[in-house]
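The structure appears right after this line, and notes come after that.
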Amino acid sequence: MDSDHELKAFFEYVPPLSVSIEPSSATIDLGDSVLFNPTASGEYRHSYQWYLNGNPVPGANSSTWNFNPASSRIYYIYVAVTDSEHNTAQSSTARVIVRTPTVGGPVFPVKISKSDSPLLSNAVFLVFSSIFLAMIFYSLKKAGKDEIKLPFLCIRLKYYKDEGVSFLL
């Protein structure tokens, strides 16, 4: 190099491409959905490919993805992002637990105020218990059976701070 020429170099740091998704985990009932949103770093334009249980989801190439599961099980979801410079990053894997909705009978909420006596609370409970048992015995008689095996019987008590107790059969 001579005194008539000068050599200058300019360097620009470009952080590596990275991506994360939200939510990182979810538990839903069958029939519900989860909306996934990625956050990708970098200055270049991004393309997306969503993966379900390690397999690319056909047509899922937008920046968000609404997951609507078809069955109850555990699913693993991630997204791969590629920028216009052909750099690729993969998000961590989100875990989605899809539960089978609980099947049960009708819910009968009954509120009893604090001013009502405990005797009235017991009376309401007995009335609803009797109605429930009558429905079971009617069903047995109609089906021509003399016994029934119930996998569960759920009576929920919900306490309200200022309003008393609610019975859910």
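The values are calculated or read from the model by the stated rules, or taken from the named source; none is laboratory data. Remember, predicted model here, so these are calculated numbers, not experimental data. Cβ atoms come from the backbone with ideal geometry, glycine included; neighbour counts cover every protein chain shown.
Below are the figures for this structure:
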read-out: Options S33, S84; residue that is farther than 25 Å from V14 by Cβ and among the small types (G, A, S); value: S33
read-out: Unique match (being within 18 Å of the chain's Cα centre (by Cα), assigned to a loop (DSSP other than H, G, I, E, B) and closer than 30 Å to S129 by Cα) among P101, P69; value: P101
read-out: Hits in the range 12-53 - residues which are in contact with a Ser or Thr (Cβ under 9 Å, 6 or more places away or on another chain), closer than 18 Å to I97 by Cβ and not charged (D, E, K, R); value: I21, S24, L30, L35, F36, Y51
read-out: Residue match in the range 1-10 (condition: part of a strand (DSSP E or B), of a type outside the set (V, I, T) and loosely packed, with under 13 Cβ neighbours inside 10 Å); value: no
read-out: Residue match in the range 71-80 (condition: of a type in the set (G, A, S) and exposed (fewer than 13 other Cβ atoms within 10 Å of the Cβ)); value: yes
read-out: Checking Y75 against (1) without any contact (Cβ under 8 Å) to a residue 24 or more places away in the chain; (2) touching a Pro at 6+ places or on another chain (Cβ under 8 Å); (3) in a loop (DSSP other than H, G, I, E, B), the condition it does not meet; value: (3)
read-out: Extreme residue, surrounded by the most Cβ atoms within 10 Å (Cβ to Cβ), among residues of the range 54-70 that are small (G, A, S) and over 26 Å from R99 (Cβ atoms); value: S63
read-out: Filtered residue count, the range 34-60, keeping only those that are at pLDDT 95 or above, among the polar types (S, T, N, Q) and assigned to a loop (DSSP other than H, G, I, E, B); value: 1
